[in-house]
Amino acid sequence: MRDDFLTIDLMPFLKSTSERLSDLEAAREMVTLSDDVLGGTPVIRNTCVPVYDVAASVTAGHSVERILGAYPSVDAEKVRLSAIYAEANPLRGRPRTGDLAEGSVITSDRRVPRLRKAG
């Protein structure tokens with residue numbers, strides 16, 4: 001993109017976007033759902049390994065070698081694609097409570113007491 005005094009090169013953005021989209025398509029192809037396998041939990045194709053379990057291990061910071069040791073039927077590429085799939089398709093429901101993300105600060109902790117039933 002060019003103007004009189006300004007030039008913007010969008011090619012790096014387009015290239016990375018195209019690569020990321022290809023990765024997402026590969027991740028979606030890798031995952032399968034069947035009511036016969038773990039009650040419909042998304043698993044890595046041709047395995048019984050839940051994709052969200054692998055992605056949670058990646059998010060927790062476990063090394064690829066450790067993940068591969070825990071799931072011998074999975075390779076490093078499937079570990080990478082599992083993280084991409086889980087990021088693009090987050091689990092539904094209320095987020096877990098517990099540990100705060102690193103750097104998070106609680107600014108207010110107001111709690112509303114539950115109303116008691118008249119009895």
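The values are calculated or read from the model by the stated rules, or taken from the named source; none is laboratory data. Everything numeric here is computed off the predicted structure, so don't read it as measured data. Positions of Cβ are backbone-derived with ideal geometry, glycine not excepted, and every protein chain shown enters the neighbour counts.
Summary table below
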item: Enumeration of residues in the stretch 55-88 that are without any contact (Cβ under 8 Å) to a residue 12 or more places away in the chain, surrounded by 12 or more Cβ atoms within 10 Å (Cβ to Cβ) and hydrophobic (A, V, I, L, M, F, W, C); result: 68
item: Number of positions in the stretch 1-54 that are part of a helix (DSSP H, G or I), without any contact (Cβ under 8 Å) to a residue 12 or more places away in the chain and farther than 13 Å from residue 81 by Cα; result: 10
item: Residue in the stretch 70-77 that is under 15 Å from residue 29 (Cα atoms) and assigned to a helix (DSSP H, G or I) present; result: yes
item: Residue tally, condition closer than 16 Å to residue 91 by Cα and among the charged types (D, E, K, R), over the stretch 51-70; result: 1
item: Residues that are surrounded by 10 or more Cβ atoms within 10 Å (Cβ to Cβ), among the small types (Gly, Ala, Ser) and farther than 16 Å from residue 88 by Cβ, drawn from the stretch 1-50; result: 34, 40
item: Breaking point among (1) at pLDDT 90 or above; (2) more than 20 Å from the chain's Cα centre (by Cα), for residue 114; result: (1)
